[in-house]
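> Have a look at this one.
Please treat every number below as a calculation from the coordinates, not as lab data. Quick caveat, the model's predicted, so the values are computed rather than measured. Ideal geometry is used to build each Cβ from the backbone, glycine not excepted, and the neighbour counts take in all protein chains shown.
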């Protein structure tokens with residue numbers, strides 16, 4: 001009886017060890033290698049994070065993640081200083097209410113998510129009102145006056161994830177005169193830049209037209225340097 005119990009235990013232990021080794025080889029080595037190889041062969045750009053580069057070949061970010069375009073702080077040690085947008089660049093959607101961290105300094109969020117505030121929430125109303133006034137003030141120039149009614153919703157509200165890299169064509173066009181003035185460029189040239197970087201609905205009916213802010217600003221940078 002004792003020998004039988006020991007034999008059964010050894011047999012079960014051996015079977016478990018063999019299963020562990022086989023599954024480790026298949027699931028931990030062969031499968032990841034196969035998936036990585038297929039991804040790198042067929043979808044290398046997406047597999048590597050949908051990176052975007054500048055004219056010099058340096059990576060400036062991912063087309064999937066929004067970034068901020070702010071001026072440097074007046075006092076680098078002042079953690080409470082409010083960020084000021086660098087108005088030479090097209091601005092992304094707001095990202096209020098999600099906190100900050102020290103890792104992702106280009107888009108200071110501690111997590112992905114919405115503000116989860118109702119339409120009648122006082123904080124949300126205050127944010128939207130303040131954001132609309134800022135959009136009107138920042139984008140009005142000597143020859144172009146922004147009307148509050150012309151400010152689209154995505155200019156004053158964050159996306160569901162808080163990380164949306166896109167803005168609406170309406171918000172991009174609203175910024176054209178200010179960007180042209182700040183960069184000493186013809187308005188028509190900047191309008192053409194926006195048109196070139198406007199992506200239509202998928203298959204003509206899925207989603208909404210959109211403009212990737214990072215791609216647009218990268219093209220703007222190349223234009224100003226060229």
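> What ranking of 78, 164 emerges when the number of other C-beta atoms within 10 Å of each C-beta is taken as an exposure proxy, fewest first?
Numbers: 78 9, 164 18.
Going from least to most buried by this count: 78, 164.
> Can you tell me the 0 to 90 degree angle between the C-alpha axis of helix 2-25 and the longest principal axis of the chain, rounded to 10?
Between the helix axis and the principal axis of the chain, the angle is about 30 degrees.
> Which of 212, 139, 121 moves most in a GNM of the chain, Cα contacts under 10 Å?
121
> Kindly express, to the nearest 10 degrees and within the range 0 to 90, the angle between helix 122-139's C-alpha long axis and the longest C-alpha principal axis of the chain.
Its long axis makes an angle of about 60 degrees.
> Once both axes come from the Cα atoms, what is the angle between helix 31-42 and the longest principal axis of the chain, in degrees from 0 to 90, rounded to 10?
Here the helix axis deviates by roughly 40 degrees.
> Continuing with this model, one more query. Between the alpha-carbon centers of the range 155-222 and the range 13-38, tell me the distance in whole angstrom.
Value for the Cα centre distance between the two parts: 46 Å.
> Counting other beta carbons within 10 Å of each Cβ, put 6, 136, 194 in order, fewest first.
Values: 6 10, 136 17, 194 20.
The fewest-first ordering by Cβ neighbours comes to 6, 136, 194.
> Related question: Going by C-beta contacts inside 10 Å, put 158, 118, 63 in order with the fewest on the left. All intermediate terms of the calculation are to be shown ahead of the outcome.
Values: 158 23, 118 6, 63 17.
Neighbour counts put them in this order, fewest first: 118, 63, 158.
> Moving on. Between residue 39 and residue 81, take the C-beta separation as r, use R0 = 45 Å, and let me know the FRET efficiency to the nearest 0.05.
Values: r = 42 Å, r/R0 = 0.93.
The pair residue 39/residue 81 has a calculated efficiency of 0.60.
> A follow-up question, please. If R0 is 41 Å, what FRET efficiency do you get for residue 116 and residue 5 from their C-beta distance, rounded to 0.05? Write down the numbers at each step before the final one.
On the way: r = 59 Å, r/R0 = 1.43.
Step by step, r from the Cβ atoms, then E = 0.10.
> With runs of 4+ DSSP H residues as the only contributors, calculate the mean residue ellipticity of the chain at 222 nm using -39,500 (n - 2.57) per run, divided by the residue total and rounded to the nearest 500. Intermediate results must be reported in sequence, preceding the final value.
Details: 8 runs with 94 residues, N = 226.
Rounded to the nearest 500, the figure is -13000 deg cm²/dmol.
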